[in-house]
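A short worksheet on the structure shown next.
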Amino acid sequence: MEIYSEPQVKNLDGILVLAEEAKEPPPGPPGGIPRQWLPGWIRWPIRMLLLPFIFLDLAAQKTARMLIQPPFKKGGKCLKRGNCCHYILVPEVKGILGKLFHFWNTQILGFYLHRSETYESDGKRVHVMGCRYLKKNGTCAHYHLRPTVCRKWPIIEYFGYPRILKGCGFKAILRDSQMAKKKAK
């Protein structure tokens, strides 16, 4: 019996197009979302213990963005469709660090492998993962303890183009066009 009815896509661009155009959440992996074997009384204190360091990192990045502004800035707001939560790109890491990274993402952060294949993204191999804490209405069940990747979405890079799923509500605004509009007034 085929549980996984989403069209099989061979490349990452095809997967991202599916994510952008989806009207409802994709089906879970074959056999359903795997259960976390690490008990909650261990993983939640770890996440809470690391939260101040996440805030420090985000504050440092915000300060750096004020000093050296990237060419784009974020506009719009989240439409709570949840599509970005079903298609999280996590870099593939080999060796023992890779096993620790996978453990961290699946057991502590609550992600699961949405697809078993790896894909090429910006010259790196990535896994497509989903978040088990997404509610049916498109909101996060653990919003205050969400991972850094979720806090930084959409990603506005210093070099290259911003990473935003179409239809998510966010948009990238070119800073130069903002300056030109101000000068025109």
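The values are calculated or read from the model by the stated rules, or taken from the named source; none is laboratory data. Please read these numbers as outputs of a predicted model, since none were measured by experiment. With ideal geometry, Cβ positions are generated from the backbone for all residues, glycine too; neighbour counts draw on all protein chains shown. We work out accessible area using only protein heavy atoms, side chains counted, and drop any ligands, DNA or RNA first. Shrake-Rupley method; radii C 1.70, N 1.55, O 1.52, S 1.80 Å.
A few notes on this one:
- Checklist (1) part of a loop (DSSP other than H, G, I, E, B); (2) over 26 Å from N137 (Cβ atoms); (3) under 17 Å from the mean Cα position of the chain (by Cα) applied to W104, failing item: (1)
- T118 falls short on exactly one of the conditions (1) open to solvent by less than 60 Å² (accessible area, probe 1.4 Å); (2) farther than 22 Å from I46 by Cα; (3) under 15 Å from the mean Cα position of the chain (by Cα); (4) free of Cβ contacts under 8 Å to residues at least 40 places away in the same chain, and that condition is (3).
- Identity of the residue in the stretch 128-170, assigned to a helix (DSSP H, G or I) and touching a residue at least 24 places away in the same chain (Cβ under 8 Å), that ends up surrounded by the fewest Cβ atoms within 10 Å (Cβ to Cβ): R151
- Residue match in the stretch 137-160 (condition: closer than 28 Å to R65 by Cβ, hydroxyl-bearing (S, T, Y) and in contact with a helix residue (DSSP H, G or I) (Cβ under 8 Å, 6 or more places away or on another chain)): yes
- Test set (1) under 21 Å from G167 (Cβ atoms); (2) surrounded by 12 or more Cβ atoms within 10 Å (Cβ to Cβ); (3) touching a residue at least 12 places away in the same chain (Cβ under 8 Å) - E21 fails condition number: (2)
- Residue that is farthest from the chain's Cα centre (by Cα), among those in the stretch 123-154 that are aliphatic (A, V, I, L, M) and under 18 Å from I15 (Cα atoms): V126
- Leading residue by the ranking (farthest from I173 (Cα to Cα)) among those in the stretch 46-85 that are open to solvent by 90 Å² or more (accessible area, probe 1.4 Å) and part of a loop (DSSP other than H, G, I, E, B): K80
- Remark: R43 matches the filter, which requires a residue to be farther than 21 Å from I164 by Cα, at pLDDT 90 or above, surrounded by 15 or more Cβ atoms within 10 Å (Cβ to Cβ) and of a type in the set (D, E, K, R).
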